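The values are calculated or read from the model by the stated rules, or taken from the named source; none is laboratory data. As the structure is a prediction and not an experimental result, all values here were calculated from the model. Heads up, the Cβs are rebuilt from the backbone with ideal geometry, glycines too, and the neighbour counts pull from every protein chain shown.
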Amino acid sequence: MAKKHPERFKTLNDVFDQFTIRNLYVLGSKDHFVEGTMSPLSIGKEANVFTAASVDGSRRVVKIHRLETADFNRMYSYISPDPRYSGLKRRQREIVFAWCQREYRNLMEAREAGVKAPLPITFLKNILVMTQVGETPAQKMKDDSPKNPQQFFGEVIDDMKKLYHYGYVHSDLSKFNILNLDQHPVLIDFSQMTPMNSPNAYDYLRRDIENVADFFRRLGVKIDNEKVYREIVAVGTKKP
């Protein structure tokens, strides 16, 4: 007989499979967030993001990667060159679990490098729990443009330099995964973060610069992409 979970999880039955529901129950029972307090922040094809209360009264973010609709080939293209995952099998669920674990590990690395990013709390299979950015959730840069674009852009580049010096590139940086917290950037979505000794790392760095620069040019900031690239690589990098 299938194990029945508390009534407070039944509203998620139409959103997630029973495997995910069970893991949410496990995380909630270990006080990583308060069961029954989850409310959606964003709903996507590959991952759904919820905010939830914690037992100490602070807010948590619960990011749940979908097991059936994820782009496994894209995930694998990022993970397979990463020496930390050299033994990963090309199996759908294993890839999603590694993708989730990779974001947890990458967030830890990014924060160690001094980058402003959410604090990861724990992960289980396809679920990542981290701190919420802001007492009320900070908005993405695309929805909350900075009042001082020049200063904000400079702070984003500073974080890119910190990542590079620590041996990494975000690899998917854009207006969609930079939050505006009290007019300062906070970087999110770190599953793609790639060691600089991976084959495509410098291509990813140039793409990040292009995506970020495109947004800030629309706000009137004058940017020379090649100059920004040279400034970042000039700080030197430690290989992971």
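Structural remarks
- Against the criterion of being hydrophobic (A, V, I, L, M, F, W, C) and either crowded, with 21+ Cβ neighbours inside 10 Å or on the phi > 0 side of the Ramachandran plot (or both), Val156 qualifies.
- Residues in the range 1-39 that are among the β-branched types (Val, Ile, Thr) and under 19 Å from Arg93 (Cβ atoms) were compared, and the one that is modelled with the highest pLDDT is Val26.
- Residue list for the range 99-117, restricted to those being crowded, with 22+ Cβ neighbours inside 10 Å and more than 20 Å from Arg22 (Cβ to Cβ): Arg102, Glu103, Asn106, Leu107, Ala110, Val115, Ala117
- The condition of being surrounded by fewer than 19 Cβ atoms within 10 Å (Cβ to Cβ), under 16 Å from the mean Cα position of the chain (by Cα) and in the same structural domain as Thr20 (by TED's automatic domain parsing) does not hold for Ile127.
- Residue that is modelled with the highest pLDDT, among those in the range 168-203 that are among the β-branched types (Val, Ile, Thr) and over 19 Å from Ala138 (Cβ atoms): Val169
- Top-ranked residue in the range 168-185 [being buried (at least 18 other Cβ atoms within 10 Å of the Cβ) and not hydrophobic (A, V, I, L, M, F, W, C); ranked as nearest to Ala113 (Cα to Cα)]: Tyr168
Residue by residue, here is whether (1) surrounded by fewer than 17 Cβ atoms within 10 Å (Cβ to Cβ); (2) small (Gly, Ala, Ser) holds:
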residue	(1), (2)
Asp31	yes, no
Gly44	yes, yes
Ala47	no, yes
Thr51	no, no
Gly57	yes, yes
Val61	no, no
Asn73	yes, no
Ser77	yes, yes
Asp82	no, no
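- Conditions (1) touching a helix residue (DSSP H, G or I) at 6+ places or on another chain (Cβ under 6 Å); (2) at pLDDT 95 or above: number failed by Met75: (2)
- Check on Ile209, outside the structural domain of Ala113 (by TED's automatic domain parsing) and in a helix (DSSP H, G or I): yes
- Here Asp203 fulfils each of the conditions (1) without any contact (Cβ under 8 Å) to a residue 24 or more places away in the chain; (2) farther than 30 Å from Ala70 by Cα; (3) out of contact with any Asp or Glu (no Cβ under 9 Å at 6 or more places or on another chain) apart from (2).
- Residues satisfying the stated conditions in the range 98-123, i.e. of a type in the set (A, V, I, L, M, F, W, C) and in contact with a Phe, Trp or Tyr (Cβ under 9 Å, 6 or more places away or on another chain): Ala98, Trp99, Cys100, Leu107, Ala110, Ala113, Val115, Ala117, Ile121, Phe123
- Matching residues, the range 27-85, being under 18 Å from Phe97 (Cα atoms) and of a type in the set (S, T, N, Q): Asn48, Thr69, Asn73, Ser77, Ser80
- Long-range neighbours under 9 Å by Cβ, at least six apart or interchain, first residue more than 14 Å from Thr51 (Cβ to Cβ) and without any contact (Cβ under 8 Å) to a residue 12 or more places away in the chain within the range 111-138, second of a type in the set (A, V, I, L, M) and surrounded by fewer than 18 Cβ atoms within 10 Å (Cβ to Cβ): Arg111/Leu119
- For Tyr104, the criteria (1) in contact with a Pro (Cβ under 6 Å, 6 or more places away or on another chain); (2) part of a strand (DSSP E or B) hold in every case but one, which is (2).
- Considering residues of the range 40-67 that are part of a loop (DSSP other than H, G, I, E, B) and touching a residue at least 40 places away in the same chain (Cβ under 8 Å) only, the residue farthest from Asn200 (Cα to Cα): Ser58
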